[in-house]
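> One structure coming up, written as structure tokens, with questions to follow.
The values are calculated or read from the model by the stated rules, or taken from the named source; none is laboratory data. Keep in mind that this is a model prediction, so the values were computed, not measured. As a convention, Cβ positions derive from the backbone with ideal geometry for all residues, glycine included, and neighbour counts pool all protein chains shown. These accessible areas exclude ligands, DNA and RNA; they are computed on the full protein's heavy atoms, side chains included. Shrake-Rupley method; radii C 1.70, N 1.55, O 1.52, S 1.80 Å.
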Amino acid sequence: MPNRDEKILVIGACGQIGVELTLQLRKIYGEQAVIASDLREEHSLLKGTGPYVSLDIMNKETFHVLVLRYNITQVYLLAAILSATGEKNPTLAWHINMQSLLNVLDVAREENLKKIYWPSSIAVFGPTSPKENTPQHTTIEPTTIYGISKYAGERWCEYYFKRYGLDVRSLRYPGLISYKSQPGGGTTDYAVEIFHDALNKGHYTSFLQPDTYLPMMYMPDAIRATIELMEADADKISVRSSYNLAAVSFSPKEISAEIQKHLPDFSINYKIDSRQQIADSWPQSIDDSQAQNDWGWKPEYDLERMTKDMLENLKKELKS
Ligand code: NAD
């Protein structure tokens, strides 16, 4: 059972993951126990569901004050610059992705916070990693600045755990697919855009090649994985860098065929851009047996179930 005395701060709460994670955490821990924060204005789905504060995590002092003022015990750090956006301004991506994490780890250590969550990504893997069933421990030589920052972040997390005993936990998310909040500039964004365009235009122009396979996951699985990891007993967590996590792998051609089962007139064409190069450097599928064995991870959504659920929910939104 989750401890009801927790006070949780979610940083980057208005992003693709943050909105749904905040809502789920509020269901479990209570509305007042989960403080949402972001640079942006409060997301419409969060309004009225619990406390919201404006926070730039690059400002360590403001963050420190907030931790003290709200008696924060756990932090979920979701603020980051994602893969495609990162390639446009590599030094900014490095600066934000690293400094935000170091600010959180440092204050967490100083104030003896109980638990920290920080997501990594399958982007830590590069062209020299095995492409299929990429193992937890293997060659890791990322070629995007996003991947480089995630890999460095993983090393920092493990360092803080080993050196200071800080309980930091992390998952290497695959591409995440959701209907509640928009994706924030990643290479796997196509797998969200395709559903919107299928319903709104009956057509999608893919920026990735038809046969580019990438590891993906439906948001309800990602939220459940995150909370299950955070609620697992500490002695079950053997990976203190970041866990491989998997659900499904598919290509633009495969997902469009699945959408056509529901919308027979849907069509797709291809206009490849620079994101292809990023996708080509990543794995096609991931071996997450360590997460399965350590804390019992098991995905619920395959391509068929996810497609059906996405279309049903987006249709409802279009009608309202
Ligand atoms: P997102 O871009 O949708 O959301 C990030 C949020 O952080 C935004 O609301 C943004 O306003 C906020 N933010 C940015 N800079 C900030 C700052 N300085 N201070 C406070 N808030 C700030 O990203 P997301 O998709 O929700 O991703 C969350 C985390 O998960 C990131 O670390 C990302 O790298 C990781 N991840 C995401 C995916 C995915 O497919 N979405 C896959 C792998 C890993």
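> With Tyr159, Tyr218 as the choices, which residue is more than 10 Å from the ligand (Cβ to nearest atom), open to solvent by less than 40 Å² (accessible area, probe 1.4 Å) and within 30 Å of Leu9 (Cβ to Cβ)?
None of the other options fit; the residue is Tyr218.
> Restricting the search to the range 70-92, which residues are away from the ligand (no atom under 12 Å from the Cβ), in contact with a Phe, Trp or Tyr (Cβ under 8 Å, 6 or more places away or on another chain) and of a type in the set (S, T, N, Q)?
Gln74 - this is the single residue of the range 70-92 that is away from the ligand (no atom under 12 Å from the Cβ), in contact with a Phe, Trp or Tyr (Cβ under 8 Å, 6 or more places away or on another chain) and of a type in the set (S, T, N, Q).
> Among the residues of the range 263-315, write down those that are under 21 Å from Tyr190 (Cα atoms), of a type outside the set (A, V, I, L, M, F, W, C) and part of a helix (DSSP H, G or I).
Arg275, Gln276, Gln277, Asp280, Glu304, Arg305, Thr307, Lys308, Asp309, Glu312, Asn313, Lys315
> While we're on this one: Could you check, for the range 150-161, whether at least one of its residues is over 29 Å from Gly296 (Cα atoms) and touching a residue at least 12 places away in the same chain (Cβ under 8 Å)?
No, there is no match, as no residue in the range 150-161 is over 29 Å from Gly296 (Cα atoms) and touching a residue at least 12 places away in the same chain (Cβ under 8 Å).
> Hey, does the range 164-178 have a residue that's open to solvent by 30 Å² or more (accessible area, probe 1.4 Å) and in the same structural domain as Cys14 (by TED's automatic domain parsing)?
The answer is yes, given that some residue of the range 164-178 is open to solvent by 30 Å² or more (accessible area, probe 1.4 Å) and in the same structural domain as Cys14 (by TED's automatic domain parsing).
> Same structure again: Which helices (runs of 4 or more DSSP H) sit wholly inside the range 1-109 and have at least 1 residues that are of a type in the set (S, T, N, Q) and without any contact (Cβ under 8 Å) to a residue 40 or more places away in the chain?
Where helices (runs of 4 or more DSSP H) fall fully within the range 1-109 and carry at least 1 residues being of a type in the set (S, T, N, Q) and without any contact (Cβ under 8 Å) to a residue 40 or more places away in the chain, they are 16-29, 60-69.
> Now for a separate question. Within the group His196, His203, which residue is away from the ligand (no atom under 16 Å from the Cβ), of a type outside the set (Gly, Ala, Ser) and in contact with a strand residue (DSSP E or B) (Cβ under 9 Å, 6 or more places away or on another chain)?
Of His196, His203, the one residue that is away from the ligand (no atom under 16 Å from the Cβ), of a type outside the set (Gly, Ala, Ser) and in contact with a strand residue (DSSP E or B) (Cβ under 9 Å, 6 or more places away or on another chain) is His203.
> Right, another one. Quickly run through the range 103-128 and pick out the residues that are closer than 23 Å to Thr85 by Cα and surrounded by 14 or more Cβ atoms within 10 Å (Cβ to Cβ).
The answer is Asn103, Val104, Tyr117, Trp118, Pro119, Ser120, Ser121, Ile122, Ala123, Val124, Phe125, Gly126.
> With respect to the numbered conditions (1) among the charged types (D, E, K, R); (2) within 26 Å of Thr85 (Cβ to Cβ); (3) open to solvent by 50 Å² or more (accessible area, probe 1.4 Å); (4) touching a residue at least 60 places away in the same chain (Cβ under 8 Å), which one is the sole condition not fulfilled by Glu141?
Glu141 satisfies every listed condition except (4).
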